[in-house]
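A.B. asks: Can you keep this structure in mind? I'll have questions shortly.
The values are calculated or read from the model by the stated rules, or taken from the named source; none is laboratory data. Everything numeric in this text was worked out from a predicted model, so none of it was measured. Positions of Cβ are generated from backbone atoms using ideal geometry, with glycine treated the same way; all protein chains shown enter the neighbour counts. Accessible surface is based on the protein model in full, side chains and every heavy atom, while ligands, DNA and RNA are left aside. Shrake-Rupley method; radii C 1.70, N 1.55, O 1.52, S 1.80 Å.
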Amino acid sequence: MTLQAGVRVQIYWNLHKDCYSVVSCKTGLLVQHTNGPIVIRDATFVVQKAGRDRVLREKRKNVHAYVRGTWSEDSAQLSKRVRYNPYRDEHWRFDNGDEVQESELVSMTTENEKPAVWVG
């Protein structure tokens, strides 16, 4: 299924498939798997506390962090990398360590088969 611009989605890195999973916010259903590039607008970086606590307790990852926003058909070359590591942080962070909660524009790609998330 091809998404149309304007659809609200949640996107997370799927550890089992080594790609992004795109979920419709309207239906809660998986829409597609992709390696990107993905561009979303009006994005929010989400970390669910209970899910992170479970990761720390069980030492096993689960889906509890994602980026929510509006699907865009634009292309973007963005300059600031954003990362999340449940063992180190409670929030998504820039490479310099500053916390990020939202961004007007986000690009999600893969580099060496690993997720790469960028903001403008």
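A.B. asks: Can you pull out the strands (runs of 3 or more DSSP E) entirely within region 24-120 that have at least 1 residues that are closer than 15 Å to TRP13 by Cβ and in contact with a Cys (Cβ under 7 Å, 6 or more places away or on another chain)?
C.D. replies: 30-34, 65-72
A.B. asks: Just need a number here: residues in region 80-109 that are open to solvent by less than 90 Å² (accessible area, probe 1.4 Å), polar (S, T, N, Q) and either without any contact (Cβ under 8 Å) to a residue 24 or more places away in the chain or out of contact with any Gly (no Cβ under 6 Å at 6 or more places or on another chain) (or both).
C.D. replies: Residues meeting the conditions: 3.
A.B. asks: Filter region 39-80 for residues that are out of contact with any Asp or Glu (no Cβ under 7 Å at 6 or more places or on another chain), β-branched (Val, Ile, Thr) and over 19 Å from HIS16 (Cα atoms) and give the result.
C.D. replies: Selection gives ILE40, VAL46.
A.B. asks: Then there is this: Please give the number of the condition VAL46 fails out of (1) surrounded by fewer than 12 Cβ atoms within 10 Å (Cβ to Cβ); (2) farther than 20 Å from GLN4 by Cα; (3) among the hydrophobic types (A, V, I, L, M, F, W, C).
C.D. replies: Only one criterion is unmet by VAL46, namely (1).
A.B. asks: Just checking, which of VAL31, VAL63, VAL39 is crowded, with 16+ Cβ neighbours inside 10 Å, within 12 Å of the chain's Cα centre (by Cα) and of a type outside the set (Lys, Arg)?
C.D. replies: Answer to the check: VAL39.
A.B. asks: Scan region 92-101 and give yes if some residue there is at pLDDT below 95, within 13 Å of VAL119 (Cα to Cα), among the charged types (D, E, K, R) and out of contact with any Asp or Glu (no Cβ under 9 Å at 6 or more places or on another chain), otherwise no.
C.D. replies: yes
A.B. asks: Cβ contacts < 9 Å: first residue within 16 Å of THR44 (Cα to Cα) and of a type in the set (Lys, Arg), restricted to region 1-21; second residue part of a loop (DSSP other than H, G, I, E, B) and open to solvent by 50 Å² or more (accessible area, probe 1.4 Å), any location; separation 6+ or different chain. Result?
C.D. replies: Once the first residue is within 16 Å of THR44 (Cα to Cα) and of a type in the set (Lys, Arg) and sits in region 1-21, its partners that are part of a loop (DSSP other than H, G, I, E, B) and open to solvent by 50 Å² or more (accessible area, probe 1.4 Å) give ARG8/CYS25; ARG8/LYS26.
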